[in-house]
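One structure is given here, and the rest of the page talks about it.
The values are calculated or read from the model by the stated rules, or taken from the named source; none is laboratory data. Here the structure is a predicted model, which means the values were calculated and not measured. Cβ atoms come from the backbone with ideal geometry, glycine included; neighbour counts cover every protein chain shown.
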Amino acid sequence: MESLNLLTALAHVNVEQGFFYVLAAIAIPLAYGVVFDRNVIRSGFLLIGVFATIAGLFFLLQAQFLGLSQILIYGVGITLVIVIALMLTNARQETGMNPALPANVGLASFVSVLVFTTIYLSLRSAEDWPLKNESSLSLPPNIEMIGKHLMTYYALPFEFASILLLAALVGAVMLSKAEPASLANAGDEAEQAVDGTDRV
Amino acid sequence: MKDSKASCRPEEARDEADGGLNMISRASIHVVAYATAAVAITVLFLGGQLGQWIELAGLSVSRADQIGFLALVVMGLVSCSFGGSRLGVMITGTIAAFIVLTAHQELAMVRYLSLGAVLFAIGIYGMTVSRNAIRMLMSIELMINAANINFVAFAHWVDPLHIRGQLFAIFVLTVAAAEAVVGLAIVLALYRNMSTVNMEKFNLLKW
Amino acid sequence: MVPEMTEELRANKLKTDEMLINMGPQHPATHGVLRLILKLDGELVKHCEPVVGHLHRAQEWQGQNRTWFQYQALIDRVDYLSGMFTSWALARAAEKIDDVKVPLRAEYMRVIVAEMNRLTSHLLWLGTFGIDLGAMMGLPFYPFREREELLDLLEAIAGQRMMFNYIRIGGVQNEAPPGWFARLFKFTGSFPDRIDEYEAILSNNPIFLKRTKAVGILPRKLAIDYGVTGPTLRASGVALDLRKVKPYSVYDRLDFAVPVCNRDGDTYDRYMCRIIEMHESNKIIRQCIEQIPGGTADVLREKRKACSACGKANCPHCGGDLAIMVKKQNAGLRVKAGEGFAAVESPRGVLGCYIISTGSDTAYRIKWRNPSFSNLAVLPELLLDHQIADIMAIFGSIDVILPDVDR
Amino acid sequence: MNSAVFEIGKFARLTLLWLCIIFGAVWGVSWSIGVLLPAVILSQSGESGRFWAQLLQALVPVVAVALFVPLNTCYMVLAERRLLALFTVRKGPNRVGPDGAFQTVADALKLLLKEEITPRGADLLMYTLAPVIFFAPSIIGVMPLLAAVSGNHPLFTPVNLPTGVFYILAVSSIPVVGVVMGGWASNNKYSLVGALRSAAQAISYEIPLLLSIITVCLLAGTLDFVQIADNQRGSLLNWNILGGGALTHLGIGSPWWSIAAALLLAACCILLFALYVICACAEVNRTPFDLPEAESELVSGFNTEYSGIKFAIFFLAEYTNLFIVSTFAAVMFLGGGHAPFPGLEDACISGLRGLLAAWFGACTPFQLGWLVNSLVNPATVSQVFWIIVKSYALVWFASLIRATLPRLRIDQLMDYSWKRLVPLALILLIAVTFLKELV
């Protein structure tokens, strides 16, 4: 593994820190975009970017399995569902408007700044983090570790999670099932709409 | 076509009506943002000196940090020029504040936790403020992810042997998936009945 | 531009966001320049409005301003895939007014070339139908291989591959070149196997069946109400084929079946109808070759060489029914005063021509009854509540030629 | 009949020509920057050049992939066009270069020189970003495959992730984001419908795909590519498609239930392979699942509005993805770089070794032996040869499917996935684990 030597050597030169800041500098604007972009569908796509950068952070933290799951489940699965939901609902209604409810803006910014300050101050004030010194490079691949844990100590929560997913699936299907009556009078309405439009 | 525009108008009118408080909050955001932007520019210009000062103060800062500063501020400025004035300034300000608050930290873990806090705060803001129900759901996802960063960071530094934080993150992932699915189904069902996803219109349970 | 709904409309009726989409006139699968204004709910078609006329060339008006001789050549362009039938309808209407008795040999020649043309038309339809269903590269070329052979034969006899101008008022243009009948006979011998080949690709293909069965069902009554004709009508269970119902030319002397589906037809039935029709056309061509008075062109030519009395009206080899043309074909071609209507069964349905003539070298008024136009009219009914992908399957299966619609 | 044989001969010639070009270029460049240049640097500047030598060596996989992807796409497009022509009694591209060998190169050049058009009302950022997001995963996805293809050759092992399989699966799910993004940003309703279809399709076919891969991983007991390929060493019977060695354990004295289980396991694995092929076809938008870009319905689906280099990037990525899933199948099911019969592989290697020895024994004025041996390792060459043969065979099979089948409708597509494939995948997952224990 000649080539790997270089990578491990580079890893010691605090590249990790630089990567972290680059990822953070991508994640924060994207997160702002998610909240503030006037086009909701666009903010849906930006959310994918946020998740991708967070997956990058996971890779930095040596959590390869979680990073990959993040890409697989969050980055692609959940966000795509969100984007599709956005496209199915009428996103045009909102574009061009201020995405925020005006009455809440002041309060919300106050609360969010407060939350950040609280968390940050509590982080700073904590003196004795129970840090461990084991280098995680020498450990077995974390996918094995996770698998072992899920099958032994955490078997019960694991099962519960699967039941939760099943329940969510069934619930979602029940909720979003279209009632057949609602489609009945769509035809004449459509006709009206076509008649009324420009036929250029 | 005209009707839909007319339907927007009352909201805009109300926008102006209770703009008093709004204006103040906007102004305060401007002040904060410009202040942090100024700090960021100072960091940019000082470059190496800042690192020396920090080292003089007994803290250590590596070369990579300085490169990080530079990249960040440049990116902030770029996003500023892209994203229009106010948002750009806010982004730059946040990034700059984030760097200033975390760059001199001894513990790398605190950086990650702080980033989690930033994203969490943004998520809270979005969740409180969003007009669109789906955007609200997205903000919740953002918050959940911010929490996940913390879990993984703790797993890396506090519990590297049994990476239990990662396990917890997996469970969070599962729950988030379920939440997203059910939430979106509810929003779609609401949309089918009310034909809008505007949170202001969801007032069936008035009291 | 999507129509914006008023708030009340939205609240009362609209359940999911609908989308207005223009399919055509520059869409790869609208077989020409048809424009469909579609209202989609997701993938479902909620409303469809065909907009025709992008290819309007005033064919009727031109008939009144061109001499008969010119118009004969022009009218092939109306339905460019089956030009024989348009010229045949024109010729029959004019002959009716003119009181011309077309020689029997010419009638046989007309049936042969017309059925060949029916085959080429159906083969092209089969290929493009495959493309419509997404068999992008695979299907079209097998039918086109056979179509190519037929077109070569038609070119040999008419001098043209598409705009034949072969059937004229008073007969057909010319006698077949040497060896033509032999080639055609050989082709008809192998053709049924080729049809089986297409069927092997399509008829039992599960994806094809899924895409066509129970898709675009055209009820019998609806088809009659809209004036649908041709295989599209017969697939819906109405046994209307002019060749059987009102035999013209020599069809009453030939033995062939007309495929009729005994239930309301779906896309698959329309496909099957045309496949069987190709078998029947093939049969007709073979019978014609066997029955044609005077034998094949080569035989006749030999007989004429050996005959001493040739050139006389009562010669058994060249006079009477063995001629192929009874009117002079030149700029002086005229039709007597009067009016007449004649219809033929084209690959797409009943193709009718109505002529009022004043005896001059142009027609006074010409009106066409084109099958594609009536068949297309039923499309919005068929598409309702089908998916986007079905648009192409259904539209392909009713086999519309846009110049035939717009004229 | 004769002409068909003639055309097949031409196709074989084209394939040989292109394989020489692709692998010659990749080998030449990798050899020069991975072996030759570092050796020169080290001999010139000694220890101080060590960093640069290592950097060059670390760059080898990147450069190799960057060369391989476009060249390979050129060949694949050409091969597909020639094959489709063969299947549909046509001639296919036969003008540019010998037998049309460089038609795709000409096409690529044309695409690069074409004007890029951005439709009015398009979201420019997303519109530009979409091809990149579509393309990046295919480059990243090739990387861990390199290790498997080259038999874990040290130069081509950039990231030997122990979870290579999972890595590929995660990465290969990204392109659909690009599709949705591009379709939405083009401001074209056909594109939007194509994008929505694509999203629905990708999400629903990912589940059986993942399940089938998970089943194979259970069978192999690892998520590591190289190990999975190594487990299938030996003969055809050891391949995962035939139960991963279950059949070879059978002796004369084995009990009847063990024999039955092994046979059943083999049958299950063949089904599993079929399942994988179907889902992979759907994942990379191949006929009969090419709904996102259904030409006869949606004009060209999500890439209707793209032109010039952006379209070229979409095109490139599509074919690279096809190649990735084919190679993936070759590694997971078809024994990776191992020959179907044990004797064949040994014969390959020893023959090659003999050839090399003869060649370099004859001319060793520069003592090139070690240099050559460092990259023309006979075992590696045999490995690459077999894996490439298998993956191209799958690619050709995809062309055959494309020439044969019509396209499914979107609701049928979803039905097929959720009602047939997912249950089948679950049943196979359980059956394979159960039978594996039984054998």
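So in segment C:93-150, with the set limited to residues that are more than 19 Å from residue C:163 (Cβ to Cβ) and among the basic types (Lys, Arg), which one is nearest to the chain's Cα centre (by Cα)?
Looking at residues that are more than 19 Å from residue C:163 (Cβ to Cβ) and among the basic types (Lys, Arg), I get C:145.
Between C:105, C:77, which is surrounded by 19 or more Cβ atoms within 10 Å (Cβ to Cβ) and either more than 14 Å from chain D (Cβ to nearest Cβ) or in contact with a Gly (Cβ under 8 Å, 6 or more places away or on another chain) (or both)?
Selected residue: C:105, the only one of C:105, C:77 that is surrounded by 19 or more Cβ atoms within 10 Å (Cβ to Cβ) and either more than 14 Å from chain D (Cβ to nearest Cβ) or in contact with a Gly (Cβ under 8 Å, 6 or more places away or on another chain) (or both).
Going residue by residue through segment D:177-190, is there one that turns out to be of a type in the set (Lys, Arg), at negative phi and touching a His at 6+ places or on another chain (Cβ under 6 Å)?
Looking for residues that are of a type in the set (Lys, Arg), at negative phi and touching a His at 6+ places or on another chain (Cβ under 6 Å), one finds none in segment D:177-190, hence no.
Would you be able to tell me the number of residues in segment D:129-156 that are modelled with pLDDT under 80, surrounded by 22 or more Cβ atoms within 10 Å (Cβ to Cβ) and polar (S, T, N, Q)?
Residues meeting the conditions: 1.
If you go through segment D:245-274, how many residues are closer than 18 Å to residue D:215 by Cβ and without any contact (Cβ under 8 Å) to a residue 60 or more places away in the chain?
7
Failed condition for residue C:287, given (1) surrounded by fewer than 14 Cβ atoms within 10 Å (Cβ to Cβ); (2) of a type in the set (S, T, N, Q); (3) without any contact (Cβ under 8 Å) to a residue 60 or more places away in the chain, with all others met?
Residue C:287 satisfies every listed condition except (1).
Each row is one residue, and each column tells you yes or no for (1) hydrophobic (A, V, I, L, M, F, W, C); (2) touching a Gly at 6+ places or on another chain (Cβ under 8 Å); (3) part of a helix (DSSP H, G or I).
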residue	(1), (2), (3)
B:152	yes, yes, yes
B:156	no, yes, yes
B:159	no, yes, no
B:179	no, no, yes
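Please work out if residue D:92 is buried (at least 17 other Cβ atoms within 10 Å of the Cβ), part of a loop (DSSP other than H, G, I, E, B) and of a type outside the set (S, T, N, Q).
It is true that residue D:92 is buried (at least 17 other Cβ atoms within 10 Å of the Cβ), part of a loop (DSSP other than H, G, I, E, B) and of a type outside the set (S, T, N, Q).
Any idea which of (1) surrounded by 24 or more Cβ atoms within 10 Å (Cβ to Cβ); (2) under 23 Å from residue C:364 (Cβ atoms); (3) more than 16 Å from the chain's Cα centre (by Cα) is the one residue C:65 doesn't satisfy?
(1)
Could you tell me whether any residue of segment C:165-175 is surrounded by fewer than 20 Cβ atoms within 10 Å (Cβ to Cβ) and without any contact (Cβ under 8 Å) to a residue 24 or more places away in the chain?
No, every residue in segment C:165-175 fails to be surrounded by fewer than 20 Cβ atoms within 10 Å (Cβ to Cβ) and without any contact (Cβ under 8 Å) to a residue 24 or more places away in the chain.
Using the structure shown, decide if residue C:286 is closer than 19 Å to residue C:209 by Cβ and either modelled with pLDDT of 90 or more or not hydroxyl-bearing (Ser, Thr, Tyr) (or both).
No: the conditions fail for residue C:286.
Check whether at least one residue in segment D:262-276 is touching an Asp or Glu at 6+ places or on another chain (Cβ under 9 Å) and of a type outside the set (Asp, Glu), and report yes or no.
No, segment D:262-276 contains no residue that is touching an Asp or Glu at 6+ places or on another chain (Cβ under 9 Å) and of a type outside the set (Asp, Glu).
A quick yes/no check of all residues on (1) buried (at least 16 other Cβ atoms within 10 Å of the Cβ); (2) outside the structural domain of residue D:322 (by TED's automatic domain parsing); (3) within 22 Å of the chain's Cα centre (by Cα):
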| site | (1), (2), (3) |
| --- | --- |
| D:10 | yes, yes, no |
| D:25 | no, yes, yes |
| D:34 | yes, yes, no |
| D:38 | yes, yes, no |
| D:44 | no, yes, no |
| D:48 | no, yes, no |
| D:52 | no, yes, no |
| D:60 | yes, yes, yes |
| D:66 | no, yes, yes |
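Is it fair to say residue C:350 is surrounded by 23 or more Cβ atoms within 10 Å (Cβ to Cβ) and of a type in the set (Val, Ile, Thr)?
yes
Tell me yes or no: at least one residue of segment B:52-66 is touching a Phe, Trp or Tyr at 6+ places or on another chain (Cβ under 8 Å), more than 7 Å from chain A (Cβ to nearest Cβ), modelled with pLDDT under 75 and farther than 30 Å from residue A:143 by Cα.
no
Does residue D:83 count as modelled with pLDDT under 85 and assigned to a helix (DSSP H, G or I)?
no
So which residues in segment D:104-127 are more than 25 Å from residue D:169 (Cα to Cα), assigned to a helix (DSSP H, G or I) and not small (Gly, Ala, Ser), if there are any at all?
Once the filter is applied, which keeps residues that are more than 25 Å from residue D:169 (Cα to Cα), assigned to a helix (DSSP H, G or I) and not small (Gly, Ala, Ser), segment D:104-127 yields D:104, D:105, D:107, D:109, D:110, D:111, D:112, D:113, D:124, D:125, D:127.
Considering each residue of segment D:333-347, count those that are in contact with a Ser or Thr (Cβ under 9 Å, 6 or more places away or on another chain) and crowded, with 24+ Cβ neighbours inside 10 Å, and give that number.
Of the residues in that region, 4 qualify.
Taking segment A:24-44, which residues are within 14 Å of the chain's Cα centre (by Cα) and within 7 Å of another protein chain (Cβ to nearest Cβ)?
A:27, A:28, A:31, A:32, A:34, A:35, A:43, A:44
Being within 20 Å of the chain's Cα centre (by Cα) and either in contact (Cβ under 8 Å) with a residue 60 or more places away in the chain or in the same structural domain as residue D:337 (by TED's automatic domain parsing) (or both), is that true of even one residue in segment D:123-131?
The answer is yes, given that some residue of segment D:123-131 is within 20 Å of the chain's Cα centre (by Cα) and either in contact (Cβ under 8 Å) with a residue 60 or more places away in the chain or in the same structural domain as residue D:337 (by TED's automatic domain parsing) (or both).
Would you please name the residue that is modelled with the lowest pLDDT, looking only at residues in segment B:82-120 that are of a type in the set (A, V, I, L, M) and under 11 Å from the mean Cα position of the chain (by Cα)?
Top of the filtered list is B:90.
Can you name every residue in segment B:123-138 that is surrounded by 24 or more Cβ atoms within 10 Å (Cβ to Cβ), within 7 Å of another protein chain (Cβ to nearest Cβ) and free of Cβ contacts under 8 Å to residues at least 24 places away in the same chain?
B:124, B:125, B:126, B:129, B:135, B:138
Residues are listed down the side, and each one gets a yes or a no for (1) farther than 24 Å from residue C:184 by Cα; (2) of a type in the set (Phe, Trp, Tyr); (3) surrounded by 19 or more Cβ atoms within 10 Å (Cβ to Cβ):
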position: C:258; (1), (2), (3): no, no, no
position: C:264; (1), (2), (3): yes, no, no
position: C:269; (1), (2), (3): yes, no, yes
position: C:276; (1), (2), (3): no, no, no
position: C:283; (1), (2), (3): no, no, no
position: C:291; (1), (2), (3): no, no, no
position: C:294; (1), (2), (3): no, no, yes
position: C:297; (1), (2), (3): no, no, yes
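Do the conditions hold for residue C:324, that is, is it at pLDDT 85 or above, of a type in the set (A, V, I, L, M, F, W, C) and touching a helix residue (DSSP H, G or I) at 6+ places or on another chain (Cβ under 8 Å)?
So residue C:324 does not fit the description; no.
Just to be sure before I move on: is residue B:146 within 17 Å of residue A:70 (Cβ to Cβ), more than 7 Å from every other protein chain (Cβ to nearest Cβ), of a type outside the set (Ser, Thr, Tyr) and touching a residue at least 12 places away in the same chain (Cβ under 8 Å) in the structure I sent?
Taking the combined requirement at face value, the residue satisfies it.
Of the residues that make up segment C:196-203, is at least one assigned to a loop (DSSP other than H, G, I, E, B) and either under 23 Å from residue C:389 (Cβ atoms) or touching a residue at least 24 places away in the same chain (Cβ under 8 Å) (or both)?
yes
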